[in-house]
1. What list of ³J(HN,Hα) values in whole Hz, one per residue of the stretch 301-306 in order, does the Karplus curve 6.51 cos²θ - 1.76 cosθ + 1.60 (θ = phi - 60°) give from phi, with Gly and Pro shown as x?
2. Under 16 Å from the Cα of Lys55, which lysines turn up, not counting those fewer than eight places away in the same chain?
3. Would you please give the residues with an amide H less than 5 Å from that of Phe45, counting only those at least 5 places away or on a separate chain, with H modeled from the backbone geometry?
4. For the chain, what does the helix formula give at 222 nm: sum of -39500 (n - 2.57) over DSSP H segments with n ≥ 4, over the residue count, nearest 500 deg cm²/dmol?
5. Heavy-atom accessible area per residue, the chain, 1.4 Å probe: how many Å²?
6. Once phi is turned into θ = phi - 60°, what whole-Hz ³J(HN,Hα) does the Karplus curve with 6.51, -1.76 and 1.60 give for every residue of the stretch 95-103, x standing for Gly and Pro?
7. Can you give the accessible area of His167 in Å² (nearest 10), computed on protein heavy atoms with a 1.4 Å probe?
8. What figure, in Å² to the nearest 10, do you get for the accessible area of Arg163 with a 1.4 Å probe and non-protein molecules left out?
Amino acid sequence: MKTSLIALTMLAATGLLPFGPAVADTLIDNANGVQVDQSGKLQRFSGLVIGDDGKVRQLLVKGQERPAATVRIDAGGKTLLPGLIDAHGHVMGLGFAALQLDLTGTTSLADLQGRLQAYATANSGSGWIQGRGWNQESWADKRFPIAADLDAVVSDRPVWLGRVDGHAAIANSAAMKSAGISAATESPAGGRIENGLFVDAAMALVEGKIPRPTPAMFDAALAKAQQLMLSTGLTAAADMGTSAEDWAAMNRAGRAGTLRARILSYAGGIPAMKAINGGKPSGWLYADRLHLGGVKLYADGALGSRGAWLKAPYHDKPDTRGLRFLTDAELGAQAEEAASGGYQLAIHAIGDAANAQVIGAFEGLNRRHKGNRRWRIEHLQIADPADLRRLKPAGIIASMQPTHQTSDRTMAEARLDPPRLKGAYAWRTIERMGVRLAFGSDFPVESPNPFPGLAAAVSRQDPSGQPPGGWRLEERVSFATALNGFTRGAAYAGFAEGKIGSLEPGKWADFILVDRDVARVNPQALAATRVLETWVAGKKVYASANALPAR
Ligand SMILES: [Zn+2]
């Protein structure tokens, strides 16, 4: 069938098509189609007709007559889903992280040196080599590496390798020289320098001297991020905190035709908002591949580092309530500036005090800005149940990341006493209140792979099935709700529901084929789902080695 598609394309190009343009329609047939309908229920279908404009023409159920004059592709009974959408990720961060030298799981210093050597050979040049993930605790001698260990492998260009926890890094001599560090350099307060090992506050001495990535590096990172997204079934993602440089890279890709995934961009703060696109939302660009419509702000930090701003002290550190980033007046002023510029707002709030503050800010905006503004709270991890009741009346969308719950579970139990866990990662409670959920991963903080996210959402368990029975199981959601969060809900949260998020006539034919019936398998199997093919705008943009047999 592939050949006939190519043949038809060639005929079309030469103007020799024997029929009208409708002949270029493609029918994906014999599929186990699953999506969420407008009412939030699972809908099954077996055929998808795609026009030559890359949009859905028709959805077909079993037994329904197939249109004539289409190129038929047999999906072999494989499960077909709308392209998944990550409602909260960091596109360039994902790409840059993936381009670095990965040192997780190194078993010895020699192993680290071997990987460094291979990376330096594969990435020739004179620029900095950056890596991360080593952990000397898992090496036999547990000795911290020193600069000379790296010099033995790479001495002609700077090398900077972070420890797995991000609290230490090792530099080679070239890196220290570039950063102006000598034996005479004293350790700063809150940090330590030892033979090229930089701990905590000392790390900034080197990190501040690493040159900004070049535009070519941004382009490479964007290409890598898209590859990772498409191979895990994501056809679109909200980019939460786009910088002016990120935006430039995305537009270069758009103009070059290499923007394959769709990016819903949120400027990273008010200065970025002003620096991007002349301080105006961009509208949809490059056949709906890129859209800047919002601004991302922060109300607090994260729970792990006790930066989440709480109403009461931390259970495991009673002298702190975390970090309040902005006063109510400051947050209100920034939100007002973005809102009056026509932007959507997406505000990071993790602790219950931060969530209360952000809800208050949105309630304030609602007094001045009418219409469907779709204010978003990002993460909404710990909330006072009394505040959750304010979400729906204020028209706030809950943008949440199911895999944060499974990753954070034991840490959250340490940070918070049981009463406060009532409003923690409270997906089902929020759904019951009639609040719209949008799901994502916060990649690269978590893997971009949405399937462990879907599994966490329905089970409150990690991919290995922990904890048995699920953590606070009453907050799990149905599979339909989980899928909705990664499709229609994420699209709605980005003002994109008219274009993506479901396979319906007039919307883009963004879809994936996967190796199992995700609506019927158990959570562990759901988490392990493999993507066979990914299609964007009716074109195949990714095929795994296990893709459908040649047709
Ligand atoms: Zn984030």
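1. With coefficients 6.51, -1.76 and 1.60, one gets x, 10, 5, x, 8, 6 Hz.
2. Of all the lysines, those that pass the test against Lys55 - Cα under 16 Å, at least 8 places apart if same chain - are Lys499, Lys507, Lys539, Lys540.
3. The list, which skips near neighbours in sequence, is Gly33, Val34.
4. That comes out to -9000 deg cm²/dmol.
5. Working: 22250 Å² over 551 residues.
Each residue of the chain exposes 40 Å² on average to a 1.4 Å probe.
6. x, 5, 4, 6, 7, 6, 6, 8, 10
7. Approximately 100 Å² for this residue.
8. Using a 1.4 Å probe on the heavy atoms, I get roughly 40 Å².
The values are calculated or read from the model by the stated rules, or taken from the named source; none is laboratory data. Everything numeric in this text was worked out from a predicted model, so none of it was measured. A quick note on method: Cβ atoms are made from the backbone with ideal geometry, for glycine too, and the neighbour counts reach across all protein chains shown. With ligands, DNA and RNA removed, areas are computed over all heavy atoms of the protein, side chains included. Shrake-Rupley method; radii C 1.70, N 1.55, O 1.52, S 1.80 Å.
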